[in-house]
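The values are calculated or read from the model by the stated rules, or taken from the named source; none is laboratory data. The structure presented is a predicted model; accordingly, all values stated were derived computationally and were not measured. Positions of Cβ are generated from backbone atoms using ideal geometry, with glycine treated the same way; all protein chains shown enter the neighbour counts. SASA here: full protein model, heavy atoms, side chains in, ligands and nucleic acids out. Shrake-Rupley method; radii C 1.70, N 1.55, O 1.52, S 1.80 Å.
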Amino acid sequence: MKKVGIIMGSDSDLPVIRKATDQLKALDIPFEVHVYSAHRTPAEARDFALNARTRGFGVIIAAAGMAAHLAGAIAAGTTLPVIGIPCTGPCLEGLDALLSTVQMPTGIPVATVAVNGGANAALLAAQILAVEDAALAAKLDGKRAADAAAVLEKDAGIAERL
Ligand code: RP5
């Protein structure tokens, strides 16, 4: 199976990344994690993007806060699908990172998930890999069914909580 590459702009983004790695572990998807910054270590971020396909990655998740150019910078160096996670910073509640991540120019797409949306980033990465992987697709179907069952269980018990 292709690996998921996970890049975070700072180790302060780790709580968001952990939400992604928890999902990938549950689905037995291999991943590799790095701290590379579009601004502080641009050469390393660029090098990762340029070599990701030949190194066996199928999709890349990039998480950053504030002036969050990381996902776009990674996307500029590869035609692998790139999923951007805008992270909350010290001010503006992540709106700064959301706009920086989502507003990509035509030709260099970044699939942007919600602010701090680590879990959905991983699930979207899994769905991309599952296009060519029937066993992984079946696992995702099973997760959807389990999630739906959990909601229906809450529905059955909601009246008693009022
Ligand atoms: C971004 O700046 C990082 O992704 C992080 O979200 C934010 C703050 O970084 P630190 O100052 O905590 O290292 O590049």
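The helix-based estimate of mean residue ellipticity at 222 nm for the chain, built from -39,500 (n - 2.57) per DSSP H run of four or more residues and divided by its residue count, is -14500 deg cm²/dmol to the nearest 500. Relative to the longest principal axis of the Cα atoms of the chain, the long axis of helix 42-51 makes an angle of roughly 70 degrees.
Would you work out which of Val16, Ala121, Ala67 lies farthest towards the positive end of the dipole of segment 3-132, given +1 charges on the beta-carbon of Lys and Arg and -1 on that of Asp and Glu, about the Cα centre? Value: Ala121. Our estimate of slack between Ala135 and Ala67, defined as 0.36 nm per intervening residue step minus the Cα-Cα distance, is 20.7 nm. Per the Kirkwood formula applied to alpha carbons, segment 1-135 shows a radius of gyration over Rh ratio, Rg over Rh, of 0.94.
Accessible area per residue for the chain is 54 Å², calculated with a 1.4 Å probe on protein heavy atoms, without ligands, DNA or RNA. For the peptides 139-149, 121-131, the ranking by packing is 121-131, 139-149, with the highest mean count of neighbouring Cβ atoms within 10 Å listed first.
For the chain, the fraction of 1.4 Å probe accessible surface lying on carbon and sulfur atoms is 58 percent. With a Förster radius of 41 Å applied to the beta-carbon distance between Ile158 and His34, the computed FRET efficiency rounds to 0.40. Given +1 at the Cβ of Lys and Arg, -1 at the Cβ of Asp and Glu and no other charges, the dipole of the chain around its Cα centre is 280 debye to the nearest 20.
Amide H to amide H distances under 5 Å link Thr112 with Gly84, where only residues 5 or more positions off or on other chains count and H is placed in the peptide plane.
Mind pulling the angle between the C-alpha long axis of helix 134-157 and the longest principal axis of the chain? Nearest 10 degrees, somewhere in 0 to 90. Helix 134-157 and the main axis of the chain meet at about 50 degrees.
Taking amide H atoms as placed 1.01 Å from N in the peptide plane, the amide H of Lys3 lies under 5 Å from those of Phe57, Gly58, each 5 or more residues away in sequence or on another chain. The length gained by stretching the chain between Glu44 and Lys25 to full extension, at 0.36 nm per residue less their Cα-Cα distance, is 4.3 nm. Rounded to 0.05, the FRET efficiency of the Arg53 and Asp147 pair, given R0 = 30 Å and the Cβ-Cβ distance, is 0.40.
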